[in-house]
Amino acid sequence: MVIGLDCAPPALVFDRLAPVLPNLSGLRRRGAWGPLRSVAPPITVPAWACMVSGRDPGELGLYGFRNRVPGSYGLSVADGRAVEAPRVWDVAGAAGKKVAVCYVPLTSPPRPVNGVLVGGFLGAEPPFTHPPELGPGLEARFGRHRPDVDEFRTEDREGLLEALYDTTQLHFDVARALWDEEAPDFAMMVEMGTDRLHHAFWTHLDPSAPDHDPSHPLVREARDYYAFVDAQVGALIERADDDTAILVVSDHGARRMEGGVCVNEQLRRTGWLTLKEEPTAPRALTADMIDWSRTKAWSTGGYYARVFFNVEGREPEGIVAPAALDDARAALARELEALVPETRAARPEALYREVRGLAPDLLVFFGDLRRRALGTVGGEVFAERDDRGPDGCNHDWDGIFIAAGAGVEARGPLEGLSIHDVGVTALALLGLDAPDGWLGKNRA
């Protein structure tokens, strides 16, 4: 039984909120646990897909929620069709194991499995289950299919909390029903609500945040939601018998966002990016604003910056000669790394075993993820807030790993855990070897 809590960080689960998380803390006491190092970039897409496929982002060709469309300057939103590699449940199913998969990101549209699957984040159009007829029955029993809340960057904190409780209850109700009724050999679910809570409530969760007020009512509200999630976990794991191994994992962590860097504005000021018209006010950069005949590089915003060069023969109006790309990358990397201390500008071939698709030419992590990369032009280079709405949280490198139950040695704290260890460990606990080429090792 694998339970995923998106974005759950060690600082909360293992430390600050541990007293109100009796079920997660109880699993730690009888098992093994530790911080789980994510992939680069540490984002829901691609992290969950890497966790369960034994592949890195470059091998999957997934560098974020949106990825370049070859032969254009456009981006497409990833869904389940972007993951071509077999995942843990595919390997288990091929070995005759029955599986039940619920709300794991990038499982929509659903593919056939040896069991049942309810599609997860990024994709909610019917059919959203395998088999297709499972969906209407679940909706009749538990309500409309909702892999995620509708909006989390909002000033309506009370409305968001109501939506979080509602969707989280739905997800765990479905997971418990499928565990009871399908009796799977392998089950996995992912709850996105923890991530959404962090983005909206991080100021109230992190005492180091400048605006943190320990007496604010939302401090209690944020803590209470975590306690609610822990209770839902408890109600699920109590259904597991003595022959069941339980893993609780997250795809990445969370940390305070200390402002942002408007990368495209920096590129514009330093001559890498040229616009058709000078902006009169800050606005999001779109491809139609760019004078491609005079632009060498541009970027997309996000938890990290994806910087692309306008390369001859690769981009429709490329002007950077392929032979000059390495020198251009090195020069721009030095410029961007000088903007904020502890910034790293990495080439994809240095991070991944293979680079598929149209990868960023540079992946830039500002301030070791303290600052977000913003895509706007026309204002200042440095910004205090996210350009997409209220958000006090950026992602961090380490998520959580907790293992307990059958086949798990009660070893206490572990070090050096990798997100890739989860898939290999799950297969080992099923008595199966990971396929050749999978990253990770058995940590049970």
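The values are calculated or read from the model by the stated rules, or taken from the named source; none is laboratory data. Since the model is a prediction, treat every value here as computed from it, not as a measurement. Positions of Cβ are generated from backbone atoms using ideal geometry, with glycine treated the same way; all protein chains shown enter the neighbour counts. For accessibility, only protein heavy atoms count, side chains too; no ligands or nucleic acids. Shrake-Rupley method; radii C 1.70, N 1.55, O 1.52, S 1.80 Å.
Taking only segment 390-410 into account, find how many residues are assigned to a loop (DSSP other than H, G, I, E, B), under 17 Å from residue 254 (Cβ atoms) and at pLDDT below 95.
Taking segment 390-410 as the starting set, the residues that turn out to be assigned to a loop (DSSP other than H, G, I, E, B) are 390-392, 397, 406-410.
Among the residues that remain, those that are also under 17 Å from residue 254 (Cβ atoms) are: 390-392, 397.
After this cut, where a residue has to be at pLDDT below 95 as well, the list is 390-392.
Adding up the residues that qualify gives 3.
Scan segment 132-148 for residues that are open to solvent by less than 40 Å² (accessible area, probe 1.4 Å) and in a loop (DSSP other than H, G, I, E, B) and jot them down. Give the derivation first.
The initial filter retains those residues of segment 132-148 that are open to solvent by less than 40 Å² (accessible area, probe 1.4 Å), namely 134-135, 137-138, 143, 145-148.
Correct list: 143, 145, 146, 147, 148.
Can you pull out the residues in segment 149-161 that are over 21 Å from residue 234 (Cα atoms) and either among the small types (Gly, Ala, Ser) or in a helix (DSSP H, G or I) (or both)?
Within segment 149-161, the subset over 21 Å from residue 234 (Cα atoms) is 149-160.
Across segment 149-161, the qualifying residues are 157, 158, 159, 160.
Please work out which residue is nearest to residue 255 (Cα to Cα), limiting yourself to segment 319-332 and to residues that are open to solvent by 10 Å² or more (accessible area, probe 1.4 Å) and in contact (Cβ under 8 Å) with a residue 24 or more places away in the chain. Show your work before the answer.
The initial filter retains those residues of segment 319-332 that are open to solvent by 10 Å² or more (accessible area, probe 1.4 Å), namely 319-331.
Okay, now just the ones that are also in contact (Cβ under 8 Å) with a residue 24 or more places away in the chain, so 319-320, 325, 328-329.
On the way: 319: 38, 320: 37, 325: 34, 328: 32, 329: 29 Å.
Here the answer is 329.
How many of the residues in segment 397-425 are open to solvent by less than 10 Å² (accessible area, probe 1.4 Å), within 15 Å of residue 50 (Cα to Cα) and of a type in the set (Gly, Ala, Ser)?
2
Residue-wise test of (1) over 23 Å from residue 400 (Cβ atoms); (2) surrounded by fewer than 23 Cβ atoms within 10 Å (Cβ to Cβ); (3) without any contact (Cβ under 8 Å) to a residue 40 or more places away in the chain; (4) of a type in the set (Ser, Thr, Tyr).
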{"site": "168", "(1), (2), (3), (4)": "no, yes, no, yes"}
{"site": "173", "(1), (2), (3), (4)": "yes, yes, yes, no"}
{"site": "177", "(1), (2), (3), (4)": "yes, yes, yes, no"}
{"site": "181", "(1), (2), (3), (4)": "yes, yes, yes, no"}
{"site": "186", "(1), (2), (3), (4)": "no, no, no, no"}
{"site": "202", "(1), (2), (3), (4)": "no, yes, no, no"}
{"site": "206", "(1), (2), (3), (4)": "no, yes, no, no"}
{"site": "210", "(1), (2), (3), (4)": "yes, yes, yes, no"}
{"site": "213", "(1), (2), (3), (4)": "yes, yes, yes, no"}
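Collect the residues in segment 293-318 that are open to solvent by less than 20 Å² (accessible area, probe 1.4 Å), farther than 19 Å from residue 66 by Cα and not in a loop (DSSP other than H, G, I, E, B), keeping them in residue-number order.
Once the filter is applied, which keeps residues that are open to solvent by less than 20 Å² (accessible area, probe 1.4 Å), farther than 19 Å from residue 66 by Cα and not in a loop (DSSP other than H, G, I, E, B), segment 293-318 yields only 311.
Do the conditions hold for residue 39, that is, is it under 30 Å from residue 309 (Cβ atoms), without any contact (Cβ under 8 Å) to a residue 40 or more places away in the chain, of a type in the set (Val, Ile, Thr) and open to solvent by less than 20 Å² (accessible area, probe 1.4 Å)? Don't jump to the end; show me each part of the working.
Values: under 30 Å from residue 309 (Cβ atoms): yes; without any contact (Cβ under 8 Å) to a residue 40 or more places away in the chain: no; of a type in the set (Val, Ile, Thr): yes; open to solvent by less than 20 Å² (accessible area, probe 1.4 Å): yes.
No; evaluated as a whole, the condition is false for this residue.
Inspect segment 268-282 for any residue being within 23 Å of the chain's Cα centre (by Cα), under 28 Å from residue 40 (Cβ atoms) and open to solvent by less than 10 Å² (accessible area, probe 1.4 Å) and give the result as yes or no.
The first filter runs over segment 268-282 and keeps only residues within 23 Å of the chain's Cα centre (by Cα), leaving none.
So far as segment 268-282 goes, no, none of its residues is within 23 Å of the chain's Cα centre (by Cα), under 28 Å from residue 40 (Cβ atoms) and open to solvent by less than 10 Å² (accessible area, probe 1.4 Å).
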